[in-house]
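Notes to accompany the following structure.
Where a number appears in this text, it was derived from the coordinates with a stated rule and is not lab data. Quick caveat: nothing in here was measured; it's all calculated off a predicted structure. Here the Cβ positions follow ideal geometry from the backbone for every residue, glycine too, while neighbour counts run over all protein chains shown.
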């Protein structure tokens with residue numbers, strides 16, 4: 001049986017989704033995964049116990065896979081999973097202050113058809129964050145807004161102000177073209193080593209080839225926020 005080494009687990013999403021699993025379904029999943037029901041009944045604390053967090057993550061993932069339409073990187077549904085070679089690290093919310101710590105983390109890679117970005121909270125990283133840094137130049141505020149929406153977390157004041165300035169500068173209300181460009185830039189301006197990661201994520205934005213105006217690529221552009229991301233051995 002393969003062993004997962006978690007890099008990222010959204011404990012807030014895991015706890016929220018776990019609490020929605022009907023008891024009879026949970027009992028069946030616990031049996032399938034050979035998870036102690038006593039562990040699953042433990043409430044996650046502010047500093048989550050790893051055994052409890054990972055057990056609940058496995059249960060949530062299995063429930064989603066069994067009862068929801070789960071897509072792929074090439075054909076993403078509202079929830080999608082995959083295994084991909086990625087670079088990952090802090091997503092810099094300001095391209096002017098790259099040495100400052102960021103509240104966001106970003107995983108980025110691509111298949112033959114799709115450029116993928118996964119954005120999440122630095123607080124959900126397990127252990128040390130990757131050393132690669134990402135940002136999207138002038139389109140960064142549009143990406144930041146989208147990631148915060150996915151996290152269901154209020155956007156920081158300084159990031160909100162940067163977004164307003166960018167919208168005023170561009171004189172736009174529809175930010176889709178900027179999000180598409182931000183996904184592209186974050187991917188191809190990340191430098192560093194790659195790791196093969198498996199994940200399950202919620203879709204935040206998807207632009208099919210031909211449906212976006214990013215003239216730098218003819219690939220699909222996909223942005224999500226991970227429920228978990230892990231190395232597998």
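Over the stretch 74-141, what is the relative contact order in whole percent, taking alpha-carbon pairs under 8 Å and six or more residues apart?
Rounded, it is 38 percent for the stretch 74-141.
Go through 5-18, 146-159 and give me the packing order, highest mean Cβ count within 10 Å leading.
Ranked by mean Cβ neighbours within 10 Å, highest first: 5-18, 146-159.
When 1/r is averaged over all different Cα pairs and the result inverted, which Kirkwood radius in Å belongs to the stretch 82-232?
Computed over the stretch 82-232, the radius equals 15.3 Å.
What is the packing order of peptides 176-182, 198-204, 71-77, taking the mean over residues of other C-beta atoms within 10 Å and listing the highest first?
The most tightly packed comes first, giving 176-182, 198-204, 71-77.
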